[in-house]
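What follows is a set of notes on a single structure, which appears directly below.
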Amino acid sequence: MKSSILCTTLLSAAVVSANPHFRRQGSLDTWAPGGPDDFRGPCPMMNTLANHGFLPHDGRNITLENAVHALNTALNFNTSVATIMWEQAVIANPEPNATFFTLDHLNRHNVLEHDASLSRSDAFFGNNHVFNQSIFDTSKAFWTQEILTPQHFADSKIFRQVASRSANPNYTFTAHVEPFSLGEMAAPFLMFGDIEKATVNRSLVTFFFENEKLPVELGWKKQANAINLEDVIRMSEVIANATNLQTTATPVVVDKRALHGGFSFQH
Ligand code: HEM
Ligand SMILES: *[C@@H]1O[C@H](CO)[C@@H](O)[C@H](O)[C@H]1NC(C)=O
Ligand SMILES: *[C@@H]1O[C@H](CO)[C@@H](O)[C@H](O)[C@H]1NC(C)=O
Ligand SMILES: *[C@@H]1O[C@H](CO)[C@@H](O)[C@H](O)[C@H]1NC(C)=O
Ligand SMILES: *[C@@H]1O[C@H](CO)[C@@H](O)[C@H](O)[C@H]1NC(C)=O
Ligand SMILES: *[C@@H]1O[C@H](CO)[C@@H](O)[C@H](O)[C@H]1NC(C)=O
Ligand SMILES: *[C@@H]1O[C@H](CO)[C@@H](O)[C@H](O)[C@H]1NC(C)=O
Ligand SMILES: *[C@@H]1O[C@H](CO)[C@@H](O)[C@H](O)[C@H]1NC(C)=O
């Protein structure tokens, strides 16, 4: 039994590598933006991983296996953290008990996608998922140092929330969105930064947002140590602390909903 599973696995591995259409391993030196028939979504990193082929380039069939492969191979996510992220995101597929989601599913407004993104417009204004340079420029305006701290992200997020709330009569940002949003801000520090110090080089972050490409040509390498659940939670808490507009410290509680990919309006 065991050996027949092994044989089948080896056989399918051989078929996969022999047929270029089924290669899904991805690499840092291959990259192509999505074409007209490919799905892309509101997450700059999921788009990036698809552009490199770590996720299916067509933006479809994001199974647990495919997501864990991409997050682990490209970014050195701990596989159990990657599993939680996928499990919390698969509800983006409206089919019950779905075994995959697509990048288009991530565009569904107020499921995972939400208002006041740093680099996307609100659904109310038309397009909630395509990278929007003029929106991103308003966020970047707060990134005033070459080495970014959590406060730089917090400032741009608060600006985006104020801008959206004042201009969008349908502005929605619930208590459930908050931890998800904190996780999104933690992510660039975790992927590209110094996790201990909670700092990240601005060039790497802006290159990533603006090109949806891993910043290899700027010297970036994936973290040497796997990114663990404690890292994600602690970084989200650092960001949460930085969003406090009072100058006195107030404790904030962050839980694993901050694992971005992490929550649903429906829960
Ligand atoms: C299973 C994995 C993931 C899923 C399902 C996912 C999904 C999403 C979704 C639905 C959004 C849109 C939220 C909004 O409306 O702004 C988003 C935003 C974001 N994601 Fe991901 N994501 C994943 C992993 C990652 C990783 C590993 C990173 C690492 C850099 C990342 C970085 C971001 C950032 C920075 C944003 C905010 C974009 C903005 O505010 O304009 N994501 N993600
Ligand atoms: C979807 O991905 C799985 C791996 O998780 C693979 O076995 C399957 O063949 C893929 N399906 C399609 C339609 O590409
Ligand atoms: C991944 O995380 C799990 C659960 O937190 C932990 O038991 C495991 O040691 C971690 N693996 C690595 C490679 O860090
Ligand atoms: C989904 O899974 C649950 C729990 O395993 C099961 O009770 C339910 O019938 C499934 N629904 C569909 C549509 O397959
Ligand atoms: C970017 O967002 C602004 C504000 O919502 C909108 O007016 C503009 O049309 C968007 N640009 C693109 C290219 O979608
Ligand atoms: C408008 O707000 C409602 C309630 O928050 C929400 O369900 C709906 O998705 C929003 N629509 C748009 C286009 O923002
Ligand atoms: C940030 O990264 C850029 C691109 O790799 C590099 O030129 C620059 O020296 C870095 N800045 C700092 C302060 O490390
Ligand atoms: C967040 O702020 C609280 C209150 O000052 C502090 O106790 C906690 O250590 C901070 N969390 C992190 C991860 O820095």
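The values are calculated or read from the model by the stated rules, or taken from the named source; none is laboratory data. Computed from a predicted structure; not experimentally measured. Glycine also receives a Cβ, built like all others from the backbone with ideal geometry; neighbour counts cover every protein chain displayed. Surface accessibility is based on the protein's heavy atoms, side chains included, excluding ligands, DNA and RNA. Shrake-Rupley method; radii C 1.70, N 1.55, O 1.52, S 1.80 Å.
Determine the sum of side-chain charges near residue 45: Lys and Arg each +1, Asp and Glu each -1, restricted to other residues whose C-beta is under 12 angstrom from that of residue 45.
Local charge sum for residue 45: 0.
Hey, can you find the accessible area per residue of segment 160-260 for me, probe 1.4 Å, expressed in square angstrom?
On a per-residue basis, segment 160-260 sits at 51 Å².
Rank by packing, highest mean first: peptides 198-204, 184-190, with packing defined as the count of other Cβ atoms within 10 Å averaged across residues.
Details: 198-204: 18.6, 184-190: 24.4.
Put in order of decreasing packing, that is 184-190, 198-204.
Provide the FRET efficiency to the nearest 0.05 for the residue 58-residue 210 pair, computing r from the beta carbons and using R0 = 30 Å.
0.85
So, counting K/R as plus one and D/E as minus one, what does the shell of residues with Cβ under 13 Å around residue 164 add up to?
That works out to +2.
Which peptide among 51-61, 116-126 comes first, and what is the full order, when sorted by highest mean count of other Cβ atoms within 10 Å?
Descending mean neighbour count gives 51-61, 116-126.
Once the Cα atoms of segment 2-259 are picked out, what are the Rg and Dmax in Å?
So, for segment 2-259, Rg and Dmax equal 18.6, 64 Å respectively.
About the Cα centre of segment 2-259, what is the dipole size in debye to 20, counting +1 per Lys and Arg Cβ and -1 per Asp and Glu Cβ, all else neutral?
I would put it at about 200 debye.
Suppose R0 equals 30 Å; then what is the FRET efficiency for residue 28 and residue 98 from their Cβ-Cβ distance, rounded to the nearest 0.05? Write out the running numbers ahead of the final one.
Numbers: r = 30 Å, r/R0 = 0.99.
The formula returns an efficiency of 0.50 here.
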